[in-house]
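Okay, structure first, notes after.
The values are calculated or read from the model by the stated rules, or taken from the named source; none is laboratory data. Predicted model only: the values in this text are computed from it and were never measured. With ideal geometry, Cβ positions are generated from the backbone for all residues, glycine too; neighbour counts draw on all protein chains shown. With ligands, DNA and RNA removed, areas are computed over all heavy atoms of the protein, side chains included. Shrake-Rupley method; radii C 1.70, N 1.55, O 1.52, S 1.80 Å.
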Amino acid sequence: MNKIDETIGFLINKYNFEQKIGMILGSGLDIFNDFILFSIDYKEIPNMPLSTVPGHKGRLDVVKVESNSVIIMRGRYHLYEGYSSKDVVFPIEVLKGLGVDILVITNASGGINETYVPGDIMLIKDHINLTGENPLIGGPNFVDMKNAYSYRLRQQFKEIGKNIGIELKEGIYVGVKGPTYETPAEIRFFRTIGGDAVGMSTVLEVIKARSLGIEVVGISSITNVHKDEFSSVTHEEVLEMGKRISRNLEILLREWIKRGI
Ligand code: HPA
């Protein structure tokens, strides 16, 4: 049996998954902690790599949200931890195997766009993959990346944001490998090529999800903004701002699910 079949077999023996919506929560984003229907630590799931970054729980939950339920991956794998691109996208394969066909991918990112402020929420419109990696090496090849961040779902979020008074930016996410934060020259470069925010996750996951036919919505919490040569950033600051953004993010996602997708 291959790895993914073994993992899915193990999980569906434990719980009757029938959720269509999956979510991946990024650094410091801690939401939907009530009404947990099922919960399992990554370390108990066969073949799941272990997450090594503070601020990531490493747990799969099924959570009741309004009249729906959602599979939440609390914690992800990053290239900068030393994982391969195949490891990084393993949770996406798991979600697909459990029946997910709509995936909300969240992350913490640094603002590049000069109009952004820490605490903003940005819908990802498109990405630029500067990690130098691609999880599809070896196949499937030539997956179409137009509309990778579903236009349909972005419209839904924009409408809900307007209705409930949560302002949403919309922009281009630049995905890098990390683990260092960016130099001022890199930030100027990312701005020049059209980036609005930069982060160390998401792009490989989205590529994998699209190859599996999953519809994706990407949401960045802008935890810090790169303004000038002296705007420094720390991981603690990223986690702290992530926590503050979590409240609005949960309200937004709850409304979206309530409205019916
Ligand atoms: N750069 C890269 N990744 C990040 C940042 C940043 O400024 N903030 C949060 N994640």
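Structure above, values below:
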quantity	calculated
Matching residues in region 28-47 - criterion: being open to solvent by less than 20 Å² (accessible area, probe 1.4 Å) and either touching a Gly at 6+ places or on another chain (Cβ under 8 Å) or without any contact (Cβ under 8 Å) to a residue 60 or more places away in the chain (or both)	28, 29, 40, 42, 45
Pair list, Cβ under 6 Å, 6 or more apart: region 174-186 residue over 15 Å from residue 201 (Cβ atoms), other residue near the ligand (Cβ under 9 Å from one of its atoms)	none
Residue satisfying condition, being of a type in the set (Gly, Ala, Ser), closer than 20 Å to residue 106 by Cα and either exposed (fewer than 14 other Cβ atoms within 10 Å of the Cβ) or more than 16 Å from the ligand (Cβ to nearest atom) (or both), within set 175, 213	213
Total residues in region 187-198, condition without any contact (Cβ under 8 Å) to a residue 40 or more places away in the chain and within 12 Å of the ligand (Cβ to nearest atom)	0
Checking residue 240 against (1) within 15 Å of the ligand (Cβ to nearest atom); (2) in contact with a helix residue (DSSP H, G or I) (Cβ under 6 Å, 6 or more places away or on another chain); (3) open to solvent by 50 Å² or more (accessible area, probe 1.4 Å), the condition it does not meet	(2)
Some residue of region 161-170 being within 16 Å of the ligand (Cβ to nearest atom) and of a type in the set (A, V, I, L, M)	no
From the options 231, 201, residue that is within 14 Å of the ligand (Cβ to nearest atom), out of contact with any Asp or Glu (no Cβ under 8 Å at 6 or more places or on another chain), open to solvent by 30 Å² or more (accessible area, probe 1.4 Å) and not in a strand (DSSP E or B)	231
In region 243-257, the residues that are among the aliphatic types (A, V, I, L, M) and within 14 Å of the ligand (Cβ to nearest atom)	245
Test: residue in region 91-101 that is at pLDDT 95 or above and within 18 Å of residue 176 (Cα to Cα)	no
From 123, 153, 95, residue being surrounded by 17 or more Cβ atoms within 10 Å (Cβ to Cβ), of a type in the set (A, V, I, L, M, F, W, C), within 23 Å of residue 68 (Cβ to Cβ) and in contact with a helix residue (DSSP H, G or I) (Cβ under 6 Å, 6 or more places away or on another chain)	123
Selection count, region 78-113, where residues are away from the ligand (no atom under 15 Å from the Cβ) and of a type outside the set (A, V, I, L, M)	13
